[in-house]
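Since the structure comes first, as structure tokens, the remarks are kept for the end.
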Amino acid sequence: VPAIENLFRSYPQLRVYEDDIRGRYGMFEKTKMSIEREEGLERFTQGHKEFGVMMTEDGGVRCMEWIPNAKAVYLKGEFNNWNLVQYREIGFGKWKLFIPPNRDGSCAIRHCSELKIVIETKDNQRIERISPWAKYVVQREANQGFKWRFWNPPSSQRVQITHTRPNKPDRLRIYEAHIGIASDRCEVSTYRHFTSNILPRIRDQGYNSLLLMAVIEHSYYPSWGYQVTNYFATSSRFGTPEEFKELVQTAHGMGIYVMVDVMHGEASKNVLDGLNMFDGTEACFFEEGARGFNDEHDTRIFDYKKWETLRFLMSQLRYYVNEYHVDGFRFNGMSSMIFHDPSKHAVQQSSFRDNQNSQYFGMQMKTDGLAYIMLMNDMLHRFYPNVITIAEDVPGMPALCRPVSEGGLGFDYRLCKDAANVWAKLLNDTRDEDWNMHFIRQMIRENRVEEKRIMFTEHHEQNEVGRMTMSRKLMADSSMPESQQLTPCLDRGLSLYKMTRLFTHAFAGQGFLNFICNEFGHPDWVELPSPSNNDSYQLARRQFHLADNQQLRYKFLNRFDRAMNKTEERYGWLKSNQAIVTRAQESDKLFVFERAGLIFAFNFHPTKSYPDYRIPVERFGSYKIVLDTDDRYFGGHSRNQPNVEFHAKTGHYDNFPNSMMIYLPSRSALVFSLSNLAH
């Protein structure tokens with residue numbers, strides 16, 4: 001491991017696991033060297049250029065598949081009235097076919113015509129399958145199986161790449177979204193609707209990156225895209241591949257980075273339109289026996305010891321970067337990639353608080369899965385230095401975001417649930433007057449050295465059916481028209497909603513994530529249509545009109561969200577060093593910290609305001625308020641005047657060289673900047 005000592009300097013407690021770390025790195029290095037020697041990583045990770053069914057430059061069609069259990073393989077479709085055309089075996093379980101062009105030079109297989117692969121297995125079964133490399137599949141009916149259609153549009157129908165990729169952001173303000181719910185209507189929304197109506201909102205709100213869920217094709221809509229069936233196909237329920245490409249292009253024109261969710265730990269158990277039993281056996285791309293199944297999720301688990309599994313998964317990533325120009329990926333279902341028994345890991349997490357590192361080393365770890373993650377990250381960052389990879393599900397794992405050369409897994413960011421857990425605990429179990437400032441401070445208790453974290457108050461998991469959104473917890477069923485009296489419940493809810501989001505945004509991370517419509521406190525959770533709700537779309541939509549209606553108080557939260565992002569864009573706290581806590585006063589319920597040259601002052605007390613409250617200050621000078629949760633423009637009471645200057649005075653106070661007197665109203669937060677920087 002070339003730079004393992006760098007890792008131990010940051011994590012001296014990991015030295016006891018040196019053998020494990022070297023073992024992972026050894027398997028990564030051995031696999032990488034084998035690939036380089038046999039095929040070269042460049043070719044190996046672009047399997048989409050060789051496998052599947054694709055048109056050649058002269059109008060012919062080249063086909064190749066890996067089907068290790070096949071005795072014979074055929075292609076049939078509308079192009080030849082469903083007659084069988086036989087592949088030839090070329091060794092190592094691979095089968096090849098070439099179909100010449102028509103006499104006029106046109107492609108023998110018409111664009112969007114239906115295809116099927118027919119496989120004669122070694123035990124004499126005849127089965128029909130969709131190519132794992134299919135680029136476009138269409139659902140027969142909602143939540144039913146897919147038909148495979150040959151995607152080869154004429155050049156006149158292809159989206160031309162007109163916008164260059166935005167520069168890689170040095171910090172992330174992420175808008176997490178699901179295409180299907182991104183409209184007010186009770187229907188599955190589309191790429192086109194998102195492009196025309198939602199992207200401008202995201203840009204105007206000050207988000208610099210978009211994280212799209214459920215883009216990779218999946219037959220079961222309520223799975224949120226986690227049960228993937230077709231890894232190289234964008235979901236056709238939202239539109240065509242070209243329409244998705246147009247979405248990405250439009251986002252790039254607005255300066256927005258686009259990332260998508262991928263599932264490299266598990267896949268759908270579907271047989272007829274998925275990868276499961278593709279060659280008639282349980283094996284093929286997956287582990288055999290009990291280890292090849294996740295019964296809790298009803299999914300299959302990949303086998304990272306297999307050459308063709310590695311080719312398939314890494315090629316998917318390169319295909320989405322090359323074909324659709326996506327800028328990054330969030331990896332979901334990682335427990336299945338790193339643990340032999342992911343269900344046992346969920347139980348263990350709570351029992352390792354004293355020595356959390358130990359749960360990520362030892363016999364329970366899947367070394368081949370860890371080596372694959374290292375290989376994948378190493379490959380992506382080698383070929384695409386500006387790509388961003390985000391790890392979900394394992395926020396406490398050490399070295400998750402350290403370079404592969406140090407023995408780390410190589411991710412750029414990890415999604416961190418610490419803030420969401422803190423707020424959920426306080427809102428669910430604690431009276432406002434009993435909120436503990438030191439408990440809030442625990443958001444950075446387990447900060448991993450030099451590892452970038454994306455924080456959130458809630459994301460899609462907190463907005464799923466059966467869970468109460470933060471907006472609903474705080475404001476219940478309060479009436480939102482501005483013409484009606486502001487009740488104590490609503491006043492509290494609006495205030496704490498803004499304060500918790502600002503604290504999460506500014507305190508601990510290098511990225512902030514917002515789930516679609518939470519920027520304005522969308523009241524409802526998301527419940528995708530399924531038999532359990534009679535296929536209702538009532539809660540499978542996001543009501544953007546609530547924020548647009550100037551008669552409703554949702555506009556205040558929307559305004560604050562925009563102002564918060566714009567303030568971060570200007571001062572750059574997400575890319576600065578970790579916050580320095582200058583005051584965490586338990587009896588007063590005050591929390592003050594400095595970051596990026598700004599002072600963030602929070603008064604969580606439900607009733608007490610503090611005039612002439614003295615706080616420690618690092619830098620001498622005059623300060624102005626640049627963001628105030630209590631501003632009337634944000635639905636507050638404007639208890640501070642916006643243009644008043646606050647003067648820091650020299651003289652040590654609480655171990656800081658200066659101090660300043662401020663007025664901090666109850667349930668409010670202020671952000672101060674030096675006056676010469678506040679204009």
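The values are calculated or read from the model by the stated rules, or taken from the named source; none is laboratory data. It should be emphasised that the depicted structure is a prediction, and the values quoted were computed from it without experimental measurement. Ideal geometry is used to build each Cβ from the backbone, glycine not excepted, and the neighbour counts take in all protein chains shown. Heads up: the accessible areas ignore ligands, DNA and RNA and are worked out on the full protein's heavy atoms, side chains in. Shrake-Rupley method; radii C 1.70, N 1.55, O 1.52, S 1.80 Å.
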Place a +1 charge on the Cβ of each Lys and Arg in the stretch 47-157 and a -1 charge on the Cβ of each Asp and Glu, then give the dipole magnitude about the Cα centre in debye, rounded to the nearest 20.
140 debye
For the stretch 570-679, just say rounded, prolate or oblate: build the C-alpha gyration tensor, square-root its eigenvalues into a ≥ b ≥ c, call rounded for a/c under 1.5, and beyond that prolate if a/b exceeds b/c, oblate if not.
rounded
Equivalent ellipsoid semi-axes for the stretch 487-595, as square roots of 5 times the alpha carbon gyration tensor eigenvalues: give them largest first, rounded to whole Å.
31, 17, 15
Contact order relative to length for the stretch 517-635, counting C-alpha pairs under 8 Å separated by 6 or more residues, stands in percent at 20 percent
Measure off 7 Å from each Cα along the Cα-to-Cβ vector at Glu38 and Glu89, then give the distance between these two points in nanometres to one decimal.
1.8 nm
In whole Hz, what ³J(HN,Hα) sequence does the stretch 500-508 give by Karplus (6.51, -1.76, 1.60; θ = phi - 60°), x for Gly and Pro?
5, 5, 5, 4, 5, 4, 9, 7, 10
Dipole of the chain [Lys/Arg +1, Asp/Glu -1 at C-beta], most positive-end residue of Tyr25, Leu627, Pro398
Leu627
Value of [θ]222 nm, deg cm²/dmol, for the chain, DSSP H segments ≥ 4, -39500 (n - 2.57) each, nearest 500:
-7000 deg cm²/dmol
For Lys96, go through the aspartates and glutamates and keep the ones whose alpha-carbon is under 16 Å away, minus same-chain ones fewer than eight residues off.
Glu50, Glu65, Glu120, Asp279, Glu308
Violating pairs (Cα-Cα greater than 31 angstrom) within the set Lys269/Lys305; Lys147/Lys417; Lys76/Lys269; Lys116/Lys366
Lys147/Lys417; Lys116/Lys366
Accessible surface, the chain, averaged per residue in Å² (probe 1.4 Å):
39 Å²
At 20 °C and a viscosity of 1.002 mPa s, what translational diffusion coefficient does Stokes-Einstein give for the stretch 47-157, taking Rh as the Kirkwood radius over Cα pairs? Give it in µm²/s as a whole number.
147 µm²/s
In debye, nearest 20, what is the charge dipole magnitude of the chain about its Cα centre with +1 on Lys and Arg Cβ and -1 on Asp and Glu Cβ, if you could check?
980 debye
Report relative contact order for the stretch 47-157 in percent, whole number only (criteria: Cα-Cα under 8 Å, sequence separation at least 6).
26 percent
Ranking Val258, Asn533, Ile99 by how far each Cα lies towards the positive end of the charge dipole of the chain (+1 on Lys and Arg Cβ, -1 on Asp and Glu Cβ), the top one is Val258
Test of the criteria: in the stretch 370-443, which chymotrypsin sites (Phe, Trp or Tyr not before Pro) are in a DSSP loop and have at most 14 other Cβ atoms within 10 angstrom of their Cβ?
none
With an 8 Å Cα cut-off and a minimum separation of 6 or more residues, compute the relative contact order for the chain in percent.
11 percent
Amide H of Arg414 versus every other amide H placed in the peptide plane: which residues, excluding those fewer than 5 positions away on the same chain, fall under 5 Å?
Ala391, Lys452, Arg453, Ile454
How much of the accessible area of the chain, probe 1.4 Å, is carbon plus sulfur, in whole percent?
47 percent
Which residues qualify? For Gly396, with a placed amide H closer than 5 Å and at least 5 residues away or on another chain, they are none
Would you list, by chain and number, the aspartates and glutamates whose Cα falls below 14 Å from the Cα of Lys624, excluding same-chain residues fewer than 8 positions away?
Glu645
Under Karplus coefficients 6.51, -1.76 and 1.60, residue-wise ³J(HN,Hα) of the stretch 619-627 in Hz, glycine/proline x
10, 6, x, 9, 10, 10, 7, 10, 7
Determine the shape class of the stretch 37-83: with a ≥ b ≥ c the square roots of the Cα gyration tensor eigenvalues, call it rounded for a/c under 1.5, and otherwise prolate if a/b is greater than b/c, oblate otherwise.
oblate
Between (i) 777; (ii) 165; (iii) 234, which matches volume of the Cα convex hull per residue in Å³ calculated for the structure shown?
(ii)
Name the residues whose placed amide hydrogens come within less than 5 Å of the amide hydrogen of Asp303, ignoring near sequence neighbours (fewer than 5 apart) on the same chain.
Phe286, Glu287
Please list 3J(HN,Hα) in residue order for the stretch 252-268, calculated via the Karplus relation 6.51 cos²θ - 1.76 cosθ + 1.60 where θ = phi - 60°; whole Hz, with x for glycine and proline.
4, x, 8, x, 9, 6, 10, 10, 10, 6, 10, 10, 10, x, 9, 9, 4
Which GluC sites (Glu not before Pro) does the stretch 548-656 hold that lie in a coil by DSSP with at most 16 other beta carbons within 10 Å?
Glu586, Glu618, Glu645
Pull up the cross-link candidates among the lysines for Lys608, meaning alpha carbon to alpha carbon under 19 Å and not fewer than 8 places away within one chain.
Lys498, Lys589
